[in-house]
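Input: a single structure, listed below in structure tokens.
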Amino acid sequence: MGVEVERKFLVTGEGWRQLVSGSAAIRQGYLLADPGKVVRVRLFGERGFLTIKGGQSGLARAEFEYPIPSADAVELLQMCTGLVQKMRYDLAVPGALWTVDVFEGANAGLTVLEIEDEPGQKSVSALSDAELPAWVGREVSEDFRYTNAALSQRPYGSWQRA
């Protein structure tokens, strides 16, 4: 079984830009999007993927991802009720998989750092606040509103913020 272990943080500064090692446009939608299970269709650059995720338990959740033809992904995206568009930036951080997502469209104004466990990495759950750069803001790992699935249904631009 595939397992995703990930932490999410709001990004509050631009210091991450000096660490960018690559980027890609992402367009994704959800055939099913609730806190207990998600079925996502994604165009990652020119590549298509179908992903199934289970409910979250702490920082972990079951995740199964399969490549699909990009033409199929385009057709499946038309079946989705909500779409998320963003630019994903890979960061060159030794021993870790760090990505920054800069959301576009209805979610413009939201920028999120994701730190994900990969084989041989230091566990993301062991990272302390002192180890995080100054541009990393509040942790939102367990706040469902910040999941892409939730953002596809209730975009960040529609939130009431003080």
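The values are calculated or read from the model by the stated rules, or taken from the named source; none is laboratory data. Since this is a predicted model, take the numbers as computed values, not measurements. Cβ sites come from the backbone with ideal geometry, for glycine too, and all protein chains shown count toward neighbours. All accessible areas refer to the heavy atoms of the entire protein, side chains included, with ligands and DNA or RNA removed. Shrake-Rupley method; radii C 1.70, N 1.55, O 1.52, S 1.80 Å.
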Give me the residue from segment 77-100 that is in contact (Cβ under 8 Å) with a residue 40 or more places away in the chain and of a type in the set (Val, Ile, Thr) and, out of that set, most open to solvent (accessible area, probe 1.4 Å).
Thr81
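Can you give me the number of residues within segment 67-76 that are farther than 13 Å from Leu31 by Cβ and either open to solvent by less than 70 Å² (accessible area, probe 1.4 Å) or more than 19 Å from the chain's Cα centre (by Cα) (or both)?
Applying the first criterion (farther than 13 Å from Leu31 by Cβ) to segment 67-76 yields 67, 69-71, 74.
Applying the additional criterion that residues be either open to solvent by less than 70 Å² (accessible area, probe 1.4 Å) or more than 19 Å from the chain's Cα centre (by Cα) (or both) yields 69-71, 74.
Total meeting the criteria: 4.
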Anything in segment 27-44 that is open to solvent by 40 Å² or more (accessible area, probe 1.4 Å) and modelled with pLDDT of 85 or more? List them, or say none.
Arg27, Leu31, Leu32, Lys37, Phe44
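Within segment 29-42, is there a residue that is touching a Leu at 6+ places or on another chain (Cβ under 9 Å), of a type in the set (Ser, Thr, Tyr) and over 23 Å from Arg145 (Cα atoms)?
At the first step, the residues of segment 29-42 found to be touching a Leu at 6+ places or on another chain (Cβ under 9 Å) are 29-31, 38-42.
Filter once more, keeping what is of a type in the set (Ser, Thr, Tyr): 30.
Applying the additional criterion that residues be over 23 Å from Arg145 (Cα atoms) yields none.
No.
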Here is a list: Gly109, Gly137. Which entry is modelled with pLDDT of 85 or more, open to solvent by less than 40 Å² (accessible area, probe 1.4 Å) and farther than 22 Å from Leu50 by Cβ?
Gly137
Scan of segment 67-89 for residues that are part of a strand (DSSP E or B) and modelled with pLDDT under 95, ordered by number:
Leu83
Within segment 14-49, of all residues that are β-branched (Val, Ile, Thr) and out of contact with any helix residue (DSSP H, G or I) (no Cβ under 6 Å at 6 or more places or on another chain), the one nearest to Arg88 (Cα to Cα) is Ile26
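Among the residues of segment 99-116, how many are assigned to a loop (DSSP other than H, G, I, E, B) and out of contact with any Phe, Trp or Tyr (no Cβ under 7 Å at 6 or more places or on another chain)?
Residues flagged as assigned to a loop (DSSP other than H, G, I, E, B) and out of contact with any Phe, Trp or Tyr (no Cβ under 7 Å at 6 or more places or on another chain) within segment 99-116 amount to 2.
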How about segment 52-61: which of its residues are closer than 20 Å to Ile115 by Cβ and either open to solvent by 50 Å² or more (accessible area, probe 1.4 Å) or modelled with pLDDT of 95 or more (or both)?
Gln56, Ser57
Could you identify the single residue in Phe9, Phe49, Phe64 that is among the aromatic types (Phe, Trp, Tyr), part of a strand (DSSP E or B) and open to solvent by 50 Å² or more (accessible area, probe 1.4 Å)?
Phe64
